[in-house]
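Taking it in order: structure first as structure tokens, then the write-up.
The values are calculated or read from the model by the stated rules, or taken from the named source; none is laboratory data. In this text, all values refer to a predicted model and were calculated from it rather than measured experimentally. Cβ: placed from backbone, ideal geometry, glycine included. Neighbour counts: every protein chain shown. Please note that ligands, DNA and RNA were not included when accessible areas were found on the heavy atoms of the full protein model with its side chains. Shrake-Rupley method; radii C 1.70, N 1.55, O 1.52, S 1.80 Å.
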Amino acid sequence: MNSREVVAAALQFRNPDRIPVDMWIHRATQLKYGKDLNALLEKYPLDIVRLFGPTDRNFYPEMSDVGEIKDAWGSTWRILRQGINGEVKIPAIGDISKVHAYHPPVEWLVKEWEKHNDLIDQKIAAGRQENRFILGGYIELFQRMQFIRGTENLLYDLAGEPEYAVILRDKVVAYFKEYLQYWLKKDVDAIYFSDDWGTQRSLLISPKMWKELFKPAYQEIMSIVKGSGKFIFYHTCGHVLGLYPEFIDLRIDAINSQLHCMGIENIAEKFAGRITFWGEMDRQNLLPFGTPEEIYHSARIMKEKLFVNGGGLIGHSVAGVDVPLENIKAILTCWNR
């Protein structure tokens, strides 16, 4: 099987002939290791190409350059370390009662796609030439609401003035429905969603609020993706065990979450065979501080617990700037030893 085929087989529980391999590489990691990292990736190529495009934060290198920058949504970011995403310090909406007058940057969306459309086509063509599985886009609903309003402010809004938060939510949903029209015309295999819902030990909001305020918004957007015949890949950090039944109900194909803070056995007992686990290996302790042998052992446990019914696992890890180069080699080679 080629890369595209092996990923699709894992997602559909059709007995791939190996575990597909994927890795996220922070820009700071690329800057740190340079040619040595490139040589590893050439020797051990990834099965998935993740393409960011016009209006996606990671499409613009300046969004991780040290300093301050005001984005097209009207919020000012501060970046303290080169190659590492910063934080919003001055949100676009300082007073939530003014949300009615706020307009997402739809005109900017149109102009950016007109400007960069050919580049995206070239990147897709390169991925197809290598027979790789192509993941496109960057839909972030809750995170974008935080960037517009500020995280602390938004949590206060949800607790005390949810009617305003709903107005903001609907504006962001409308924007991403427009955004989707560009990606769904492209020859990509899946659309990428990302929203961090958990702390180290619990959810940021109650499951009841999530189901009432956010699940319908996801359904609205994800039904469009499903109607196009493309897969859905979803990333969320933290302890999100309570949302896994909702992810399955939404027909998300692959979920990337911090399995180790929830417990591999616990996750596997409840959900293995019902959704594909897009990793991930423990990025907090194992990858920066462990040994290659410990990484190989972790991969064996994950395969034993999560690869069931002929699929359900993509070998994914995050190459943060704190991960030694020998451990990056290990996470590229551990899944099919």
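You will find that of K171, K123, K186, K177, the residue that is closer than 23 Å to T55 by Cβ and not in a helix (DSSP H, G or I) is K186 and no other. In the stretch 313-334, the qualifying residues are those that are assigned to a helix (DSSP H, G or I) and not hydrophobic (A, V, I, L, M, F, W, C), and the one that is most open to solvent (accessible area, probe 1.4 Å) is E326.
Residue check: is E112 touching a residue at least 40 places away in the same chain (Cβ under 8 Å), in contact with a Phe, Trp or Tyr (Cβ under 9 Å, 6 or more places away or on another chain) and in a helix (DSSP H, G or I)? In short, yes. Residues that are open to solvent by less than 100 Å² (accessible area, probe 1.4 Å) and more than 14 Å from G137 (Cα to Cα) within the stretch 106-118 comprise V106, W108, V110, listed in sequence order.
The single condition among (1) over 25 Å from N327 (Cβ atoms); (2) under 19 Å from the mean Cα position of the chain (by Cα); (3) not polar (S, T, N, Q) that A272 does not satisfy is (2). Scanning the stretch 127-146 for residues being open to solvent by less than 10 Å² (accessible area, probe 1.4 Å) and not in a helix (DSSP H, G or I) gives a total of 7. I'd like to check something: does the stretch 91-104 contain any residue that is under 21 Å from the mean Cα position of the chain (by Cα) and either within 25 Å of D322 (Cα to Cα) or open to solvent by 70 Å² or more (accessible area, probe 1.4 Å) (or both)? Looking for residues that are under 21 Å from the mean Cα position of the chain (by Cα) and either within 25 Å of D322 (Cα to Cα) or open to solvent by 70 Å² or more (accessible area, probe 1.4 Å) (or both), one finds none in the stretch 91-104, hence no. Within the stretch 4-39, the only residue that satisfies the criterion of being without any contact (Cβ under 8 Å) to a residue 40 or more places away in the chain and more than 22 Å from E130 (Cα to Cα) is G34.
Of the residues making up the stretch 163-185, just one is touching a strand residue (DSSP E or B) at 6+ places or on another chain (Cβ under 6 Å) and more than 17 Å from H103 (Cβ to Cβ), namely W183.
The set of residues in the stretch 284-312 that are in a loop (DSSP other than H, G, I, E, B) and either β-branched (V, I, T) or surrounded by fewer than 21 Cβ atoms within 10 Å (Cβ to Cβ) (or both) comprises Q284, N285, G290, T291, N309, G310.
Just so you know, in the stretch 72-90 the residues that are closer than 18 Å to N153 by Cα and open to solvent by 30 Å² or more (accessible area, probe 1.4 Å) include one that is farthest from the chain's Cα centre (by Cα), and it is I90. Here is the figure for the stretch 175-191: residues that are of a type in the set (S, T, Y) and open to solvent by 10 Å² or more (accessible area, probe 1.4 Å) total 1. Kindly indicate whether E265 is more than 24 Å from L31 (Cβ to Cβ) and touching a helix residue (DSSP H, G or I) at 6+ places or on another chain (Cβ under 7 Å). Here the answer is yes, as E265 does meet what is asked. Looking at the stretch 147-168, which of the residues that are of a type outside the set (A, V, I, L, M) and crowded, with 21+ Cβ neighbours inside 10 Å is nearest to M222 (Cα to Cα)? Step by step, filter the stretch 147-168, then rank; the result is F147.
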